[in-house]
1. Name the strands (runs of 3 or more DSSP E) wholly within segment 63-154 that hold at least 3 residues that are at pLDDT 65 or above?
2. One residue is enough: does segment 326-334 have a residue meeting the conditions farther than 19 Å from LEU292 by Cα, crowded, with 20+ Cβ neighbours inside 10 Å and either of a type outside the set (Asp, Glu) or within 34 Å of the chain's Cα centre (by Cα) (or both)?
3. Of the residues ASP253, ASP316, ASP284, which is surrounded by 13 or more Cβ atoms within 10 Å (Cβ to Cβ) and at pLDDT below 85?
Amino acid sequence: MSSRWDPSLALVAVFLSVAASAATRPSDVEGPLGLVRVTGGSYREARDVARQAEDVLHRLEALGGRPLATPSKPLVRVCLPESSWGSASVEACPATNGLPWRIVVQGPWEAADADFNAQLARLVLSLWTGSSGAPLSRADWLAVGLAENLFPTVKAQNREWVMALAEEGRLPTLGTILTWNRIPDGPMMEKAACGQAVGWMLSLPGQRDVLGALLDQLKRGDRVTAGWLLPRLAGDTPEDPELLWRAAAAKRDVIAGGIRPLSPVLFRQFYAALQTPAAALGLDGGSELTALSPYQLLAVRGSPEARQAARLRAEDVKKLAVGSAPELTAVALRYAHFFQGVAGHMPAFWLRRRLRQADRALRELEDAVSARTVWMNQFESNGDFPDSERSAIFARSSLEQYVDDAETRMDAESAAQPKE
């Protein structure tokens, strides 16, 4: 019996293949609230982008304390690339003639989530000021600052960077931040400063009045200047808002939910936490000694004041370890055990041995972090940053960008390999 090739069967197979592709790759995916519509990419990727975008919009509403008026749905249309190769970038096309905002993502969208969130914050700020989606070019610092306050991990990172700037005397003033009317995409110091400044403004008493005054000023089309904003930040207090801002930026606190990166400022804080103020032992009267090292505290452990001071040192060291990297947390626990032993009845020779072990672990950790920083800076010094706005101190190095692109290409090639 001879078999004959039937062209109609081939047409049916092609039709079924196209139909299956259409079923697995829908043209549009909407978020649960219908505010975001995503085009392109796989279904899973489009669904995740839609959910994340609506979550960001909800967080912005809660942060600003005012509802988001939606002229029409969808409010945002996101276009994902068919391929995730190359570096990540985000481009926004503001709303016109009642059409939704259009955000075009190039490369892997996960790598551009910070710029993606900033574009959504610009949209929300535009709607709050009654611009119906028209772009605002007068207060980009406010939009970026709101976006930088949405997630605890981002706030924790920004706090470390701003504290380092404050200690080094390079913290931008509020008057300088208010002049940043257009902030480019990409990681940079300016975004961290905007985030901390806006977060500080929202934490002041009557912060809703300040934010409302800001939005009213922008609605009128007026610029937000230092002469206009600083008196409103001061309120009824006689303190200079610039001084209050600098004090807030240099203040250390614990931010739950975020990992504090290992940095020079964090090591300086750790060393300071190991010192016992001489006043705690009653040695401040006419003495040149202002603080006692752990070894000096061990030498005077016989006094009740020294034991009480050791208990406080143990608590302070453990508090500093909260939210820090696991390596520093392990070192902090070594010192906490030492101080607890000083407050108790552990033999002095055993405590000295513990203290030497803790000191050695701290030095090794600090040397490893310093060596890694120097190694990365060597590559960054050879990087090419044609755009001076992107050459801020927190821009990604050329090596990191190369590794990112290489990993993206490898993942795409692996996904394209036929499965056996």
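1. Once the strands (runs of 3 or more DSSP E) in segment 63-154 are filtered for at least 3 residues that are at pLDDT 65 or above, what remains is 76-79, 101-106.
2. yes
3. Residue meeting the stated conditions: ASP316.
The values are calculated or read from the model by the stated rules, or taken from the named source; none is laboratory data. As the structure is a prediction and not an experimental result, all values here were calculated from the model. Counting neighbours? That spans all protein chains shown, and the Cβs are built from the backbone with ideal geometry, glycine included.
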